Every structure is written in structure tokens, then in C-alpha cells.
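A short worksheet on the structure shown next.
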């Protein structure tokens with residue numbers, strides 16, 4: 001971070017997430033708060049529900065946060081009724097909170113469907129940055145976003161593909177920033193001896209192909225498993241397939257289907273579940289695979305790159321900008337298990353290539369995706385918007 005930036009008056013920024021469940025957006029916010037520590041006075045606002053893990057990580061990293069009664073859009077009837085009944089009251093409470101906190105900016109994170117922070121910020125008369133971080137949203141929610149997009153003073157896109165996706169729906173006279181999700185390259189460092197993990201003993205002597213993904217259709221773990229089945233059939237060495245990710249109650253049916261598929265393919269898959277620290281298992285991966293149908297700026301891929309891993313990924317989000325064919329990995333078409341298997345096999349058979357690609361992955365992560373770079377870009381955006389607000 002440039003020291004000269006810290007000479008500016010410290011801004012007060014409220015970052016609001018309407019989803020408390022720990023995932024990419026929550027890790028993104030934690031990294032951002034860590035990068036801006038001492039430069040921006042940040043408060044993270046999160047829902048009371050499903051945020052225990054998120055709260056724990058804030059406490060561990062000494063990041064200020066506050067919980068609020070925030071309902072969310074869902075397909076389930078009762079939560080949807082709560083959302084309809086309580087949203088107006090929740091927005092009113094946020095307006096009161098924003099005014100009492102004397103905030104300079106509201107940063108509405110989590111995607112286009114999380115709009116209460118944007119509404120409350122507008123009602124409170126505070127500039128709003130709306131962070132957009134996906135490349136797929138149902139038509140109904142896209143239309144809702146189009147109606148509300150004028151609430152934002154600025155848009156922060158997590159990727160160029162997200163920017164292209166939402167451009168038809170946003171106001172063209174707003175400030176725009178494209179800032180990829182950050183990774184803490186000092187924490188995700190292959191030179192640091194990782195903490196112990198009980199699964200490491202079972203992986204001893206095996207080539208490990210892994211991914212970090214909560215089981216959900218968008219992560220397309222079916223394609224990952226089909227790839228694994230093809231690799232296992234032709235393997236000359238002992239292989240291990242590891243999937244790290246929390247299995248939530250809402251995903252149990254999908255997870256059961258994945259387990260049936262792995263049984264049909266006669267695969268032994270290590271379902272590692274949630275890990276407070278993924279570094280120990282990441283350190284054992286020989287190849288990292290992203291099989292997603294859609295992404296924007298996937299932190300899990302950036303973390304694997306920072307850990308000096310070669311990457312094989314589907315063509316999603318801005319991954320092709322940072323994972324470059326024949327340089328630090330390979331990009332294949334979405335849903336193509338055959339090509340995933342071919343490219344992973346190529347890396348498994350060539351250890352010098354794996355090491356060369358891994359070294360390049362870490363360098364790309366350090367030069368483009370480190371939290372210091374993300375923090376600097378956000379600080380510059382905050383200062384620009386604050387100056388504009390003061391002069392308008």
C-alpha cells in the first residue's frame with residue numbers, strides 16, 4: 001500500500017452484506033477490511049442469521065462488525081414472506097444506523113440481489129458503491145436491479161465479465177471501477193510450513209487433484225467427478241480427489257446426487273467439508289481444478305495460485321486473464337470433463353511443468369491480486385467518490 005495514501009483524512013465506510021453464510025463475498029470483505037486497516041474506518045454489517053462463522057473470523061482478525069435483522073430473498077415460502085413483511089422496517093433501521101454512524105460511504109456488497117444497503121444509503125443521503133460479483137442472475141432479479149440501479153453513486157465490478165454482464169442494466173453516468181477479488185499472498189504462501197490437518201496422512205504418497213467449492217449446481221462438481229472418473233481409469237499412479245467446502249442443509253439433496261455419481265464412477269472422493277484454514281490441504285494439491293459453470297473473480301482460484309499451484313479451469317469470469325494457457329495452467333470449455341481430464345493428466349505426467357506453472361501462478365497472484373493492490377484501488381475509489389460528494 002502506498003504510504004502517501006494514508007495522509008488523507010480517514011473515511012468512515014459501512015460495508016453491508018445481506019447474506020451471512022461464509023463464502024466468497026464474505027472472505028472478500030474480510031480481505032478488504034484487512035487491507036484498509038488504519039486507512040479507512042470500516043464497519044461490516046451482516047445478518048443475525050447464518051453468520052456465526054463470519055462473526056468468528058471478524059473477531060479473530062479484530063475487524064469491527066455489527067449484526068442486524070436482515071432477511072433475504074429465497075425460494076422457500078416462509079423466509080420469502082418474512083422478506084416481504086420486514087424489508088421496509090429493516091431498511092428504516094439501516095437508515096437510522098447510517099445516520100448515527102456519520103458514514104461517508106456505503107459499500108453494498110454481495111451482488112445485485114442485495115439492495116437494502118443501497119436503498120438505505122440513498123435515503124440517508126450517503127453515496128453508495130454497489131459491488132457486483134456475478135455473471136448470472138435470474139431474469140426477475142436482474143429486472144429488479146435495473147429498477148434500483150440508479151440508487152448507486154458508483155459500481156464496483158469484480159471482473160470484466162461482470163461489468164459486461166451488468167452494463168445493459170446500469171446508469172451510464174455513474175462512476176465505475178473494476179477491482180478483482182483479493183488474496184492475502186502472505187498468508188497463502190507455499191514457503192510457510194502449514195498447520196497439521198488430519199486428512200494429510202491419508203493423502204501421503206498420492207497425486208492430489210483438488211478444488212475448493214461448496215456443493216452447488218453453479219460449481220458443477222458433476223463435471224469435476226466425471227473428470228476424476230476418466231483420470232482414474234488411465235492412472236498409472238495413485239490419485240486422490242479432494243473437495244473442500246461446507247455442505248449446507250439447503251444443499252443436502254444436491255450433495256446426495258454427487259455422492260451417488262461418485263459411487264457409480266467407483267470413485268473414492270475425499271469430501272473434506274469446511275476448513276477454518278484451507279492452506280494445509282491446498283499445500284498438498286498437485287493440481288487445482290475449477291469446474292464451475294459461472295464465476296466472476298473466484299477467490300478460491302486466486303488462493304490456489306498464491307500457493308503456487310498449476311490451475312485447470314473452465315472458461316468462467318476473469319479466470320482466463322490470470323490463468324494463461326501453457327503459462328500457469330489451462331482453460332477449457334464449461335462442462336467439458338474430457339478436456340479437464342486431458343489437461344490435468346498432462347500436468348500429472350510432467351512434474352517440471354507443474355512446478356514451472358506453479359511458480360508463475362504465484363507471481364501473477366502477487367503482481368495482480370494481492371490484498372494490498374485491492375485495498376489501494378478501493379481507497380482511491382473511496383477518496384474520489386468522497387471528494388465528488390463534497391464538491392456536489
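The values are calculated or read from the model by the stated rules, or taken from the named source; none is laboratory data. Keep in mind that this is a model prediction, so the values were computed, not measured. Here the Cβ positions follow ideal geometry from the backbone for every residue, glycine too, while neighbour counts run over all protein chains shown.
Here are some notes:
- Complete set of residues in the stretch 327-344 that are surrounded by 19 or more Cβ atoms within 10 Å (Cβ to Cβ) and part of a helix (DSSP H, G or I): 337, 340, 341, 343, 344
- Some residue of the stretch 46-56 being touching a helix residue (DSSP H, G or I) at 6+ places or on another chain (Cβ under 8 Å) and either modelled with pLDDT of 95 or more or assigned to a strand (DSSP E or B) (or both): yes
- Selection from the stretch 55-71 of residues that are farther than 19 Å from residue 91 by Cβ, in contact with a strand residue (DSSP E or B) (Cβ under 6 Å, 6 or more places away or on another chain) and surrounded by 15 or more Cβ atoms within 10 Å (Cβ to Cβ): 58, 65
- Residue 110 being without any contact (Cβ under 8 Å) to a residue 24 or more places away in the chain and part of a loop (DSSP other than H, G, I, E, B): no
One line per residue, one yes/no per condition, for (1) touching a strand residue (DSSP E or B) at 6+ places or on another chain (Cβ under 7 Å); (2) under 28 Å from residue 136 (Cα atoms); (3) modelled with pLDDT of 95 or more; (4) in the same structural domain as residue 234 (by TED's automatic domain parsing):
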{"site": "310", "(1), (2), (3), (4)": "yes, yes, yes, yes"}
{"site": "318", "(1), (2), (3), (4)": "no, yes, yes, yes"}
{"site": "325", "(1), (2), (3), (4)": "yes, yes, yes, yes"}
{"site": "331", "(1), (2), (3), (4)": "yes, yes, yes, yes"}
{"site": "337", "(1), (2), (3), (4)": "no, yes, yes, yes"}
{"site": "346", "(1), (2), (3), (4)": "no, no, yes, yes"}
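- Residue 306 vs. criteria closer than 22 Å to residue 354 by Cβ and either over 20 Å from the mean Cα position of the chain (by Cα) or modelled with pLDDT of 95 or more (or both): yes
One line per residue, one yes/no per condition, for (1) crowded, with 17+ Cβ neighbours inside 10 Å; (2) in the same structural domain as residue 382 (by TED's automatic domain parsing); (3) part of a helix (DSSP H, G or I); (4) at pLDDT below 95:
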{"residue": "119", "(1), (2), (3), (4)": "yes, yes, yes, no"}
{"residue": "129", "(1), (2), (3), (4)": "yes, yes, no, no"}
{"residue": "163", "(1), (2), (3), (4)": "yes, yes, yes, no"}
{"residue": "171", "(1), (2), (3), (4)": "no, yes, no, yes"}
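- Residue 167 meets the conditions (1) farther than 22 Å from residue 67 by Cα; (2) over 23 Å from the mean Cα position of the chain (by Cα) in every case but one. The failed one is (2).
Let's see how each residue does on (1) outside any helix (DSSP H, G or I); (2) crowded, with 19+ Cβ neighbours inside 10 Å; (3) not assigned by TED's automatic domain parsing to the domain that holds residue 359:
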residue	(1), (2), (3)
257	no, no, no
260	no, no, no
266	yes, no, no
275	yes, no, no
289	yes, yes, no
303	no, yes, no
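- Selection of the stretch 200-218 for residues being assigned to a strand (DSSP E or B) and over 25 Å from the mean Cα position of the chain (by Cα) yields only 207.
- Any hit, the stretch 81-90, residues being modelled with pLDDT under 95, within 26 Å of residue 297 (Cα to Cα) and within 25 Å of the chain's Cα centre (by Cα): no
- Looking only at the stretch 244-255, residues that are within 22 Å of the chain's Cα centre (by Cα) and assigned to a helix (DSSP H, G or I) come to 6 in all.
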